[in-house]
Every structure is written in structure tokens, then in C-alpha cells.
Amino acid sequence: RLFHPMDFMLAKPLEAVTQELTPEEWLVEDKYDGIRAQVHRAGGRVKIYTRGMEDVTPALPEIVARLEQLPGSAILDGEILGWREGRALPFALLQQRLARKKVPEKLREEVPVVFLAYDLLYENGELLLDHPIEARRARLETQPGVLLSPQYGYRSKDELELLWQSARTRGNEGLVIKKRGSLYEP
């Protein structure tokens, strides 16, 4: 239900790719070092919940302002990030924002934040958990004004390694590999 956070689908860490990941079966996204969150939006109201089901809406007024004007209703899964010049800021800077009920303007300028969406779980009355990832992503891409996590395909293990190195160069933790056709399983 809207405005009642649900459990998150979580990734399992891999120290190394030990099996051949057939490129036709997988999608790749950067693994960001932020706060995993769900945004619930309907009728001009926005709530932001962390993975621990905590309401952190008051600490993120610029995210609320960006999303409260959007039409329709949705539950988005993604990441709260400190963000400047098109890339994530270090997590330590983001932490300064989270324990506050009211965020001073100076801190908002020093640590601007965004919500980067990975997935669409609910849209205009329809729960989407049992839709394949590609269908959820296609619908997510039609959400106006929502910043999306870039998604990549790859053709070889070497290309996957280059994607990982590029993610690290951008200051991200690595990659998240998602199985094509997968459902959202909290």
C-alpha cells in the first residue's frame, strides 16, 4: 500500500565473478554508496522510507519538492545520494543530512541530494512486483522528472570488467548485476 513501506529486494555481494555470466541473461547498474530508499508518491504527498522502514522525509526537502508535483501515484525503489556535477558524493557527506528534522540552507548547499531510481514497484493503483524487470524499467522510464540509474548490457567478461572499473572511477562501489526477466522479490 502507498505510504506503508515494504521490504526491499536486496543484492548479494560477490568478491569475484566465479561463473560465466551469460551477457544475454544479465543487466548491469552501478552500485552506489548511499541510502537505499523507497519513495511513495500520490496526490501531491511524498514520503521517503529507508531500508529500515524509517521515514526520512524531513531531511530531504529538495527530493520532496522535485517529486510532489508529479502526476499519478507511484512507489519507487532507489538510492538517496549526495550529488554534485552528475556524480555521487562520498557517503560521509550524506550522513550529515540524515539525522536532522530540519536541514539548514547552508548544509543543503554543501550536500545537495537526489533520489536515483532503480525500480518501479507500484504505479497508479497497480502493484508491479510480479512483472519482469524489463517491464518495470520501461514503465519507470516514463515517470516524468525521475532521475534514473543508468543500466547497461555487456558482451563479454572483459567488457563487464571495464564496466566495473568505470563504476569505481566514478566513485561508486562497483556493480549490481540483475537477471533479465526477474521479478521483484522482497
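The values are calculated or read from the model by the stated rules, or taken from the named source; none is laboratory data. Just so we're clear, the structure is a prediction, and the values are computed from it rather than from any experiment. Please note: Cβ atoms are built from the backbone with ideal geometry, for glycine as well, and neighbour counts cover all protein chains shown. Side chains are part of the model used for accessible areas, which takes the heavy atoms of the whole protein and leaves out ligands, DNA and RNA. Shrake-Rupley method; radii C 1.70, N 1.55, O 1.52, S 1.80 Å.
Here are a few things to note about the model shown:
- Comparison of LEU147, LEU160, LEU140, LEU183 shows that the only residue that is at pLDDT below 95 and surrounded by 12 or more Cβ atoms within 10 Å (Cβ to Cβ) is LEU160.
- Among the criteria (1) modelled with pLDDT of 95 or more; (2) closer than 21 Å to GLU159 by Cα; (3) part of a loop (DSSP other than H, G, I, E, B), the one HIS4 does not fulfil is (2).
- Of the numbered criteria (1) more than 18 Å from the chain's Cα centre (by Cα); (2) exposed (fewer than 12 other Cβ atoms within 10 Å of the Cβ); (3) at pLDDT 95 or above, the one SER166 fails is (2).
- Filter result (assigned to a helix (DSSP H, G or I) and polar (S, T, N, Q)) within the range 152-186: GLN165, SER166, THR169
- Only a single criterion out of (1) open to solvent by less than 50 Å² (accessible area, probe 1.4 Å); (2) under 17 Å from GLU25 (Cβ atoms); (3) in contact (Cβ under 8 Å) with a residue 24 or more places away in the chain; (4) not in a loop (DSSP other than H, G, I, E, B) is not satisfied by GLU134, namely (1).
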